[in-house]
Amino acid sequence: MSPQPCQPTIGIISKEPQDQRYIAEIESRDGLAKVIRLDMPISSNDQLDSIDGIIVADHMSNPRLPIAEKPAYDEVLLFLQDCLARKIPFLGIGEGMLTLNHLFTEYDGENIGYTNPASSIHSQDRTVQIFVPPGTKLASIIGCGGFFKVDRMDHPKLPLSRISKSLMVNAYSLDGTWGEGIESIKHPWAIGINWIPYPHDQSSRAFTALFSSLVHCANK
């Protein structure tokens, strides 16, 4: 009998109830999902040394956080920096894209310069059209580049001028003022997106391939 393939463990940092959907996406691809709780010290979460990949859908470096919460979030940032240093596949979704940029950026948390989504021309729309450039890792994962309509997320926007030099834009807003997606040019699999990456009424099903690619790369 041939040995059973190893199931990679994917850590998930996300707010309820969204984390349940990420758990389902990972487990449907034969990964093991582990929710990393932020209401306790990061060191209290067992088995963190066995994390093979991670999904972050929260903004660890948010300067608007209450002072009392910052120490716990700073501890999580150190953990995420260690994940990137160990080349663990990293998927940032929504606010998690801002965290990914923060982890790579030379700017500090007070000067990252995010833009309030209320100023966006898409602020009244549930969907937004983006452009994924061919040749990016994101385009390779979903099978093509081009224009896509996706379900927008009401999070601060990331101006192109504030994206880390260690990252490249893999999805643009149509007016070209901010990045809707980013990916690392140094890390083998570190991707951030600012839309809902699973099937919804208007979003493209192509982006569910991100979960498959994350689990596949985490299993190497």
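Read-outs throughout are calculated quantities, based only on the coordinates presented, and are distinct from any laboratory measurement. Note that the coordinates shown come from a computational prediction; the quantities given were computed from them, not determined experimentally. Methodologically, a virtual Cβ is constructed for each residue, glycine included, from the backbone with ideal geometry; neighbour enumeration extends over all protein chains shown.
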Taking the Cβ-Cβ separation of C6 and L78 as r and a Förster radius of 35 Å, what is the calculated FRET efficiency to the nearest 0.05? 0.80
How much length is gained on full extension from R126 to A24, taking 0.36 nm per residue of separation minus their Cα-Cα distance? 34.4 nm
Ordered by packing density, taken as the mean number of other Cβ atoms within 10 Å over each peptide's residues, highest first, how do 24-31, 88-95, 143-150 rank? 88-95, 24-31, 143-150
What FRET efficiency comes out for the pair D175/K87, r = Cβ-Cβ distance, R0 = 30 Å, nearest 0.05? 0.30
Show me the ranking of peptides 98-105, 190-197 by mean Cβ neighbours inside 10 Å, starting with the highest. 190-197, 98-105
